[in-house]
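Encoded as structure tokens, the structure appears first; notes follow it.
We did not get these values from a lab; they are worked out from the coordinates using the rules stated. Because the structure is a prediction, the values reported are computed rather than measured. Glycine gets a Cβ as well: all are built from the backbone with ideal geometry, and neighbour counts include every protein chain shown.
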Amino acid sequence: MKGKTALVTGSTSGIGLGIAKALAAQGANVMLNGFGDIEAAQAEVAAVAGPLGAKVSYHGADMSKPAEIEAMVRAAEAEFGSVDVLVNNAGIQYVAPVEDFPAERWDAIIAINLSSVFHATRAALPGMKARNWGRIINVASVHGLVASAQKSAYVAAKHGVVGFTKTVALETATTGVTVNAICPGWVLTPLVQKQVDARAAAAGVSDDEAKRALLSEKQPSQQFTTPDELGALAVFLCSAAAHNLRGAAINMDGGWVAQ
Ligand code: NAD
């Protein structure tokens, strides 16, 4: 992927960081985005990219703010000349029964997990079409395919991402731009560790027991998927062999949605 540029939203942590590293390891320039320990994330990706002559940059766009999303895409184009791969990954979670679900949490989840995918795609797609090559990879979730109780906003947003993915895949079907969704099951990232912590506290059990309980409820393999494994899937989606893989929602979920 030398000479190509990937913009990965929410890539200072977890799955986004794993995908950013995997793309950098193929020689792509990477623009990172997200909050938290930005310098550590940049250093991790630069360690992979540097030896291949690829560059790493960062933009602090808040994915709930459409104008900032557009500015980030323009900044990546200005710095590297193009955005060839867009990974829409930023996401948040909130868990509560619908009648107790704070309206502002609903709005934030819809903005960050769903609307940002529209805004970033809308900004990056014209350049991809003009060059007749592009890859849009939307990190949805098994919750884009099936539901779990207490996750109304997240499940609604992720089903929306899968629907949006299919629509844009149809609109680009005769071009060199492919659009697909990745649907992970449980991946042990800070987003999931919070749910493990809540479970351990509620049941008065250890971290390990809470993890086992979480997995055994939904994920038949009883194993977490890793950010590196999802990175490898993203690399495959960027390959020439994947040119006709369009509008798919690929689950990597230890068998979760097979049940
Ligand atoms: P994470 O909390 O480790 O990472 C989330 C990233 O998004 C971070 O870089 C964070 O800074 C960034 N982010 C959050 N709000 C943002 C905002 N307003 N603007 C810009 N960046 C923002 O979580 P993760 O588990 O790696 O999740 C990444 C994606 O994968 C999410 O879309 C999530 O829904 C999805 N997902 C995760 C799992 C899982 O088990 N961890 C499973 C399925 C899908």
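Side notes on the structure shown:
- For q = 0.21, 0.22 Å⁻¹, Debye-computed log10 I/I(0) when each Cα of segment 1-152 counts as one equal scatterer: -1.28, -1.37
- In terms of packing, defined here as the mean over residues of other Cβ atoms within 10 angstrom, the peptides 78-88, 120-130 line up highest first as 78-88, 120-130.
- Principal axis extents of the Cα atoms in segment 72-197, from largest to smallest and rounded to whole angstrom, are 47, 29, 27.
- Overall dimensions of segment 48-123 as given by Cα atoms, namely Rg and Dmax in Å: 15.6, 52
- Kirkwood-type hydrodynamic radius, segment 113-183: 12.4 Å, calculated from all non-identical alpha-carbon pairs.
- Only lysines eight or more places from LYS151 in sequence, or on another chain, were considered; those with a Cα closer than 29 Å are LYS65, LYS166, LYS194, LYS211, LYS218.
- Radius, Kirkwood style, for the chain when every pair of distinct Cα atoms is counted (Å): 18.4 Å
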